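The next block holds one structure in the form of C-alpha cells; read it before the comments.
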Amino acid sequence: MPVLQWLTRNEDLKTAKKAAYRLLRELPELGAGDKDSGNMVVQGDNLEALKALLPFYAGQVKCIYIDPPYNTGSAFEHYDDNLEHTIWLSMMYPRLELLKQFLREDGAIFIQLDDNEQAYTKVVCDEIFGRNNFITNIVWQKRTSPDNRLRLGSAQDYILVYTKKEGGDKKFNQSRIKDFKNPDNDPRGPWASTDCTAQAGHGTKEQFYVL
C-alpha cells in the first residue's frame, strides 16, 4: 500500500510509543455536575492527555470526533494554525495512532478538515486504520454565499470516517435492518424511503438500500 512520506516520518512513527504516561490531577474547584457521570475536560497537550487516558479507556470508545487545526494560516489564541506541512503531519500521525487504540471493535472516528490537509490525512488514515476500514468522506456545505475575497472559493469541509475493524459499517447496517423492508421484491434487497421535500423542494422520494 502506498504511504505518505515527509521529512521526519521515521521519527514520527515512534512518537506515540515514546510519549510518557502521565497522571491526571483532578481540580475539584473547576468541577461541575455529577462527579460519577464519567465526563471529563482535560487541559494540557493533547498527545500527553491521550496517553494519560489510554489505560482507562483503551478499546472502549464507540465514537470519536476530532476537529484538528486546518492549517490555513489563521490566527488563533490557543493554537498555531500556520504550521509547516511536515510539522503538521508530525503532530497528527501519533495522535491518530493513539485515537485508534481508544476505539471499540465496532467504533468509528470522524475527522473534520478542509482542502488544505484532507487529501494527505486520507492517505495517513489509510495507513493507520486500514484502507478497507474507510467508510466515506462526508462533504459538508459550510457556506451558501460566495467568498468575495477569492476568485473561486471553497464552500465545503470534509469529514473522513473510518472504523477500527473491517466491516464495521456492515455491523451498523445489520443493527438497522428492522428499519428496511422489501414490499415490491426489489432485487437489490430491503429498502427504506425518505421524504426529500425539504431538500429538493418537491415531494419526490429517495430510496436507501441495505448494503
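The values are calculated or read from the model by the stated rules, or taken from the named source; none is laboratory data. Remember, it's a predicted structure, so these values are computed and weren't measured experimentally. Cβ placement follows ideal geometry from the backbone for every residue including glycine, while neighbour counts extend to all protein chains displayed. Ligands, DNA and RNA are excluded from the accessible area calculation, which covers all protein heavy atoms including side chains. Shrake-Rupley method; radii C 1.70, N 1.55, O 1.52, S 1.80 Å.
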* **Tally of residues being open to solvent by 40 Å² or more (accessible area, probe 1.4 Å) and either over 13 Å from the mean Cα position of the chain (by Cα) or within 14 Å of GLN118 (Cα to Cα) (or both) across the range 84-104** => 6
* Structure fact -> Taking the range 1-40 and keeping only residues that are closer than 19 Å to ILE128 by Cβ and of a type in the set (Ser, Thr, Tyr), one is left with THR8, THR15
* Positions within the range 105-129 being open to solvent by 10 Å² or more (accessible area, probe 1.4 Å) and of a type in the set (Gly, Ala, Ser), in sequence order -> ALA108, ALA119
* Asked: Can you tell me which residue in the range 5-63 is farthest from SER90 (Cα to Cα), limited to those that are part of a loop (DSSP other than H, G, I, E, B) and touching a strand residue (DSSP E or B) at 6+ places or on another chain (Cβ under 8 Å)?
  -> GLN60
* **Test: residue in the range 64-73 that is within 27 Å of GLU105 (Cα to Cα) and of a type in the set (Phe, Trp, Tyr)** => yes
* Asked: Among the residues of the range 16-36 satisfying the criterion of being out of contact with any Lys or Arg (no Cβ under 9 Å at 6 or more places or on another chain) and touching a residue at least 24 places away in the same chain (Cβ under 8 Å), which is most open to solvent (accessible area, probe 1.4 Å)?
  -> LEU23
* Yes/no for GLU166 being within 24 Å of ILE66 (Cα to Cα), open to solvent by 40 Å² or more (accessible area, probe 1.4 Å), modelled with pLDDT of 85 or more and not aliphatic (A, V, I, L, M) -> no
* **Which listed residue, of ASN185, ASN132, ASN148, is open to solvent by 90 Å² or more (accessible area, probe 1.4 Å) and at pLDDT 90 or above** => ASN132
* Do you know which of the residues in the range 105-130 that are touching a residue at least 24 places away in the same chain (Cβ under 8 Å) and farther than 23 Å from LYS165 by Cβ is nearest to the chain's Cα centre (by Cα)? -> LEU113
